[in-house]
Amino acid sequence: MSLFTFTAGAVNGLLLGGLYAITALGFSMVFGVMRLVNIPHGEILVLGAFLSYFISPALGFDPLLTIVLVAPILFFIGYLIQRWLLNPVMGKGIEPVLLTAFALSSIAHSLFILFWSVNTRTITTRYSDQGLKLAGLNVALMYLIAFCLSVVGLLGIHLFITRTYLGKAIRAAAQDPETARVMGINVKSIYALTYAIAAGIAALGGTLIGMIYSFSPASGLPWLLKGLVIVVLGGMGSIVGTLLGGVILGVAEELGAAAFGIGYRDIIGLLIFLLVLYIRPTGLFGRSSA
Amino acid sequence: MPKRWMPYSLLTFCLAGLVILPYFIETYTLFVFYTLFLYISLAQSWNLLGGYSGLISLGHAAFFGLGAYATALTAKYLGFHFLSAALIGGMAAAIFSVAMAIPTFRLHGIYFAIGTIVIAEAVRLWMINWDVAGGPLGIHFPADCGTSLKGFYYVMMAIAGLATALPTVILKTKLGFGLRAIRDNEASAENMGVNIFRAKLSVFAISAFVAGITGGIHAVKMSTIEPSSIFEATWSLSTINMVIIGGIGTISGPIFGAAFFTCLAELLADYYTYQLLLTGIILVLIMRFVPTGIWGWLRKTRSVKRLGRVLFA
Amino acid sequence: MSIRVRTNYLVIAACFYLTLSFALAVSVECAETPKEIKIGTSILLTGKGAAFGPYMKWGYSTPIDDINKSGGLYLSKYGKKLPVNLIVYDDESRPEKAAQNIERLILKDKVCALLSPAGPPTVIPTGIIAEREKIPMVAALCPIRAFLSAGKQWNYVWDVFFDELEMTEQQFLLMDTVESNRKVALFTNNDPDGVVMGNFWSKNAQKFKYEVVYHAKFPVMTTEFSDLIRRAQEGQAEIMIGQCYVPEAIALWRQMRVLGYKPKAAFFEKGGEPAEWWKANGQAAQGTCVTGYWHPSLGYPGAKDLRQRFEKETGLPYSQHIADTYAICQILLDAIRRAGSLDPKEINGAISETNKTFVVGPVKFKRGGPDGNTCGLSSVVLQWQNGETQIVYPKKLATAGFICPLP
Amino acid sequence: MLLELEHITKNFGALTAVSDLSFSISAGEVMGIMGPNGSGKTTLLNLIMGVFSPDRGEIHFNGTKISRLSTHVISCRGIGRTFQIPQPFHQMTVLENLMVGMLYGKGHRSPKSTRNESLAIIERVGLTGRIDTEAAQLGLLDLKRLELARALSLAPRLLLLDEIAAGLVPSEFAVLKQLILELKNQGYTILIIEHILSLIFDVSDRILVLNFGQRVAEGPPEAISNDPKVQRVYLGSKDKNDTLTSQQATSPTAGKTEREVLLDLKRVNAGYGDFQALFDVSFDVRKGEIKALIGVNGAGKTTLIRIINRQLPIISGEILFRGRSIVQAQPHQVVNLGITQCIEGRKLFPELTVLENLELGAYCWRARQRRRGTLERVYNLFPALKDRSNQIAGTLSGGEQQMVAVGRALMSLPDFIMFDEISLGLAPRVIDALYEAIIRINQEEGTTVLLVEQNVHRSLAVADRASIIERGRIALSGTAEQLNEDEQVKKVYFGF
């Protein structure tokens, strides 16, 4: 592997890492706050992409602007899902909630097919296939935009979680639901809210996926798996960890693909995942208490 | 006739019925029954893990697929008879399960589930890239594998029978007691001297073995396998759905679930998407209202017991 | 406890009879003289190959609708016309599912002949089943070498499509007509088409004195191509040949533009063919090439009308695949008419004697030998020009000039 | 020597559960271990059973080293342990429960062969009638019996009994005591941990008293029960709190007792599953007073608090706050009514800062707008917290954490505040500070206080009225002065 491909791969991986992080953030929050493996996360991302895909031309907005519209929609849907479907089955062992989550993802998947067929789509804009030269190597403009937006998004959530009263309540509920309840925090609605926020963020992630890659009803799973890897790398619920995890995964994939052939690209992520789980069942930067 | 013979005679009657069935029904129904047996074997083998030892594994597809591959390879390149090949498939799956246990048994509850699904996915990707096994093209057998659909019907029926008998037998052995203890209360089981790792490992391997054989036979029946379908996560998920819908931790539950699933799949065969949708909705409802599964719930309600009493009185 | 044991067996019985009664419900009794001619097919209406779905469906069903309008197909054995019933299942582009569908068609629906799903990954496993059950099947969109790569002697499955061996020469023959540094980058996914054609291109490149500077082999449904593209760039390949599904092709082509990799000529086999390709890329697809086997301008009977008719009926822009599927359906119907009965064996015999010109050109199957049961269609190179595919090679058939280098 | 512990030390992060403890049991001996909550008794059992491995020191069983062996190996070596809360295999019958031990612990091959031995044990513990009952169906006494039987099924050389009498009603208690005495006579070696001291005093040959994971005293029962050190551990020291009593004297105690009732519990029964923790508890708190609820642990103090702020459903009875029933309320709504608790063991949010923890105390809407002001009040109550306000709560010392916990409770502007064991595991000086704070809260803010304590003297010193709870029942009620005669209290505590 020549130095050029190496550096190029590394840079590409870094930028992708940002995107990965934002797509995994919602998943990580849900996991961190309520220990719930949010299987439908992939589908929520895809839904975000679909919505932007249809709304953007309809209103003549730039796809990135439509996020402002899509996020509230997903927020609302997410809230309902947690409130009506997941909350009732939580705290009864792992099967009920896990399988409900699975069922939701397959329901979403089939609804996508029914409404929008299985065809693969991409969100195209004037700049979505621009490239620019950074220190002698070509980088996709979109990758750069995605990276910046992701970092902004992560920062925003970080501030929300650490600065606002609600954010603190969410962290409290995550650390010790029982005590939080004694403090007068309605944990169930905090959960619903967390899920809603997670879904809202997916609007950003989904739209970016739609603009950079192509998406179809079936493309939820790979993103879910990426999310899993990132959460385990970055520790659940930790936002800095999520960004780190995303970048590590991005770079590892790029370089791994360059080294062993692109066929092994996804396996590398999964192997890292298993390795980390084996060494440290709660993730690298995660709480050991969990 | 004394009461206690009733169930056994009924059972033998059912079996007899199933044995002679092929001579009365047309081939397609035979095919449907074959699928039913396939589902039963898978469901029962998973129930051993999820139902009797609290190992919620989402990686069953890996065992199924590896069994299929091992069978295909041995049958095609070493020219084994497909039955012995399937046995080897089962062993391959069992061996793999032991390897799989090393990283995953350190994990608990949800982490274990995640670990298993990720491993299954990794195996799938590896197979797609592994040229010896034909990479993404998979493996084609000679079409004439020495038996007809009837043959497969009986073989799969035998496996389903085995899979159904296994838990009943195991539960009566030392291992069975250990497993039930673990499922009820792991810490307490350890205090009673149960070696948890060993117990779990053995049941993991047994379950994998059954799933492996099933996969092997199915591969021969398909006479062509191809990684992205044989390792598909759908195998794991629908298996679990069957057990859950039927009733986890019971012997009849998986059978019930498999039958339910087969019927559903047949009725909606032309509308796969709706089938997906409906299964999802049903699963959500069951998880919400009858987490013990339909059969588990029926068993609690008096009506069935009364029905039983009426029938056997 | 004891009562539970009993109820356990009770439910086993319950399930058994439930399924049995269900079984009896589904089993349909066949009458002595058939009411209709049942033909079955399983096509990829959904899944990764879904872009081809509408074309296949139209191509398969149209000839049958025509026949039925004219009162059906005359079968000498029964001395009367019978309506044709085409049973279509969706296989989501999944071989597993396709195989199930075919099994179902043969065993349950008792079809007397089959029209194949699309593409080697599904045609081969379903073909194997058709062979086992001895039901004739005519295959569509299945390149001949991949079809034969199953490594078995086909008796009941027939394939009419282009021959990769010839097809993989076209790109080089075309490139010989213009100036280039004769350096080629190959992008092939790892499904049977990709693998087979990948090898042929590598071989033919030498034969035509081109150098393959980089051969990217990627798994189906790859989304991130940057690394591969950079390597092609490093090799200064001026000719780029891809073989993959539409989504992959779209992603690949876009990322090539993003990374500023601009070859003189770009070929996207399979992926660059359907109208969706132009829809997704718009003017950016201008000048991209795809090898084909059919074009309305080819002087075969009904070629022109076929396109107009399709576009009129469906409102979609046409694809060459309507021709292949349309022709295959005609071949089968023609064979059934000649066989004059619904006996699969006789129909199969009739297919083997097919010798007639259809909308895709003259069709006559090779018998026995290494390439038995196949009939190759001559390939042409198509180039996207303003939303239309134009023939740019061979010269004598060309409908437009070859745009090179890419705009 | 059957069991020997040599200089065992075990730390959990900052806190030391067991420090440099050594003792040994010889075959046929019955040894009792007592000590207040958090004195490291159960940790000790877990160390012996290999659930935790000691940080320092070694454990020898019958000549061989067993520390750092895994639990199932140790139990197979012949140590049978019963759990404080019975942990049977719920979905298995009594017989099957035992068979597990027979098969794995005792190394039988086939289930059949174990039947007779199991039946023998079942008879010995008196479960004969329940052989085929699923454990889930058993009542508490039978569960305790089963717990014993399971331990016996391992054919143990040593029995570890962890608070086996907890939660039993007197009649049941007598039965169980008898059972243990029988075992003793049959020559079993037993290590018994108990709060119900009447049991431990009657059964053991030798008693070891622990506090803060260290040996306080060791010797025959009589010696222990008269040992002043032991009494101090349980009753708290008298001399310490003169300052407080003086303050108490100045405070207008008179008339408080006539005030209207703020909280009123009427014949409340409650429990966890089939474990009933409270029996017909009637109990009231009057506006503006400090009421103390005293009792050894396992007596049901915390349960009482949990039912008051609705974390635990009640089986029967009525709970009135300001005359209105709160039985239907949710935990997070109770706070809005003005009821707060300062949870046992602090339960801070470990990864949040002190300030964040305090702010979260004021989550309920009523308190949220006025949280700035409240915060100031908390700070001048505990000046120490002000300059630590941005420190991560988990890193504070025990005393500071307790202060944050109290502060957090105050942040919700409560009319009624419950302090659960705030002096637990704290140094006397810190405790003084906390108690002064409580008095100020009561006097300056007029907040009604329920003080739940093991530490009799301290709590009686500050309280206006007090109730003593014993095994889920209110044993004694009255003004602090009335209860302050040790004899009565001692009786409740030591059962003689």
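The relative contact order of segment B:3-312, computed from alpha carbon pairs under 8 Å that lie at least 6 residues apart in sequence, is 30 percent. Distance between the modelled labels on A:C148 and B:W297, one decimal in nanometres: 5.4 nm (7 Å Cα→Cβ projection). Highest GNM mean-square fluctuation among B:E226, B:E190, B:E121, for chain B modelled with Cα contacts below 10 Å: B:E190. Peptides B:17-26, C:153-162, ordered by how many other C-beta atoms sit within 10 Å of their residues on average, highest first, read C:153-162, B:17-26. Rounded to the nearest 0.05, what FRET efficiency do A:V240 and C:Q308 have when you use their Cβ-Cβ distance and R0 = 45 Å? After rounding to 0.05, the efficiency reads 0.15. A Gaussian network model of chain C, with springs between Cα atoms under 10 Å, assigns the largest mean-square fluctuation among C:A150, C:A265, C:A249 to C:A150.
The local environment of D:A329, defined by Cβ-Cβ distances under 14 Å, has a net charge of +4 under the rule Lys, Arg +1 and Asp, Glu -1.
Return the whole-Å distance between the Cα centroid of segment D:144-211 and the Cα centroid of segment D:264-279. Comparing the Cα centres of segment D:144-211 and segment D:264-279, I get a distance of 25 Å. By the count of neighbouring beta-carbon atoms within 10 Å, fewest first, A:M211, A:M183, B:M192 end up ordered A:M211, A:M183, B:M192. Say the cut-off is 32 Å between C-alpha atoms; which of C:K279/C:K396; C:K97/C:K279; C:K183/C:K366; A:K188/D:K291; A:K188/D:K301 go over it? C:K183/C:K366; A:K188/D:K291, as the Cα separations exceed 32 Å there.
Remark: the protein assembly as shown carries a charge dipole of roughly 1340 debye about the Cα centre, counting +1 on each Lys and Arg Cβ and -1 on each Asp and Glu Cβ. The label point for B:A99 and the one for C:D65, both projected 7 Å from the Cα toward the Cβ, are 5.4 nm apart.
Counting Lys +1, Arg +1, Asp -1, Glu -1, what net charge surrounds D:G213 among other residues with beta carbon under 10 Å of its beta carbon? With Lys, Arg at +1 and Asp, Glu at -1, the neighbours total +2. Taking other Cβ atoms within 10 Å as a rough exposure proxy, D:R157, D:R371 sort from fewest to most as D:R157, D:R371. How much net charge surrounds D:P88 when only other residues with a Cβ under 9 Å from its Cβ are counted (Lys, Arg +1; Asp, Glu -1)? Local net charge: -1.
This ranking places D:M34, D:M49 by how few other beta-carbon atoms lie within 10 Å of each, fewest first, which gives D:M49, D:M34. Distance from the C-alpha centroid of segment B:123-193 to that of segment C:343-407: 48 Å, rounded to the whole angstrom. Helices in chain B that qualify as membrane-span-like (whole DSSP H runs, Cα extent of at least 18 Å along the helix axis, mean Kyte-Doolittle hydropathy of -0.5 or higher) are B:5-20, B:27-50, B:60-77, B:82-104, B:109-129, B:149-172, B:196-222, B:233-246, B:252-267, B:272-289.
With the charge dipole of the protein assembly as shown set up from +1 on Lys and Arg Cβ and -1 on Asp and Glu Cβ about the Cα centre, the Cα lying farthest toward the positive end among the listed residues B:L11, A:W223, B:S97 is that of B:L11. In segment D:374-496, the DSSP beta bridges split such that about 55 percent are antiparallel, to the nearest 5.
Distances between placed amide hydrogens fall under 5 Å for C:V363 paired with C:K356, C:T357, C:F358, all partners being 5 or more residues away or on another chain.
If you count Lys pairs in segment B:3-312 whose Cα atoms are under 17 Å apart, skipping same-chain pairs closer than 8 places in sequence, the total is 5. Rounded to the nearest 10 degrees, what's the angle between the helix C:192-207 long axis and the longest principal axis of chain C, both from Cα atoms, 0 to 90? Tilt relative to chain C: about 30 degrees. The distance from the alpha carbon centre of segment C:120-194 to that of segment A:169-232 is 45 Å, rounded to a whole number.
Computed over chain C with a Gaussian network model linking Cα atoms closer than 10 Å, the most mobile of C:S70, C:S341, C:S297 is C:S70. Across chain C, C-alpha contacts under 8 Å between residues 6 or more apart give a mean separation that, scaled by the residue count, equals a relative contact order of 17 percent. Computed from the Cβ-Cβ distance with R0 of 25 Å, the FRET efficiency linking C:E211 to C:L406 stands at 0.80. Identify all lysines with a Cα-Cα distance to C:K38 below 18 Å; exclude those on the same chain that are fewer than 8 residues away in sequence. In chain and number order, the partners are C:K57, C:K69, C:K77, C:K80, C:K81, C:K108, C:K110, C:K134, C:K345.
Each label was represented as a point 7 Å from its Cα along the Cα-to-Cβ direction; for D:S282 and D:S53 these points are 5.7 nm apart.
If you model segment B:3-312 as an ellipsoid using its alpha carbon gyration tensor, with each semi-axis the square root of five times an eigenvalue, the axes come out at 29, 26, 19 Å, biggest first. Each of C:T168, C:F402, C:G282 was placed along the dipole of chain C (beta-carbon charges, centred on the mean Cα), and the one lying farthest toward the positive end is C:T168. For C:K312, a cut-off of 17 angstrom between C-alpha atoms picks up these aspartates and glutamates, skipping any fewer than 8 places away in its own chain: C:D65, C:D66, C:E388. For chain C, find the longest principal axis of its Cα atoms and tell me its angle to the long axis of helix C:164-176, 0 to 90°, nearest 10. Once rounded, one gets 20 degrees.
Each stretch of four or more DSSP H residues adds -39500 (n - 2.57); spread over every residue of the protein assembly as shown, this sum gives -17500 deg cm²/dmol at 222 nm.
Within chain D, the longest segment free of exposed loop sites, counting GluC sites (Glu not before Pro) that fall outside DSSP classes H, G, I, E and B and have at most 12 other Cβ atoms within 10 Å, spans D:1-259. Axis angle, to the nearest 10 degrees, between helix A:265-279 and the longest C-alpha principal axis of chain A: 40 degrees. Structural descriptor for chain D: relative contact order 15 percent, calculated from alpha carbon pairs under 8 angstrom and at least 6 residues apart.
All of the numbers you see were taken from the coordinates with simple rules; none came from a lab. Please read these numbers as outputs of a predicted model, since none were measured by experiment. No Cβ is skipped: glycine too gets one built from the backbone with ideal geometry, and neighbour counts run over all protein chains shown.
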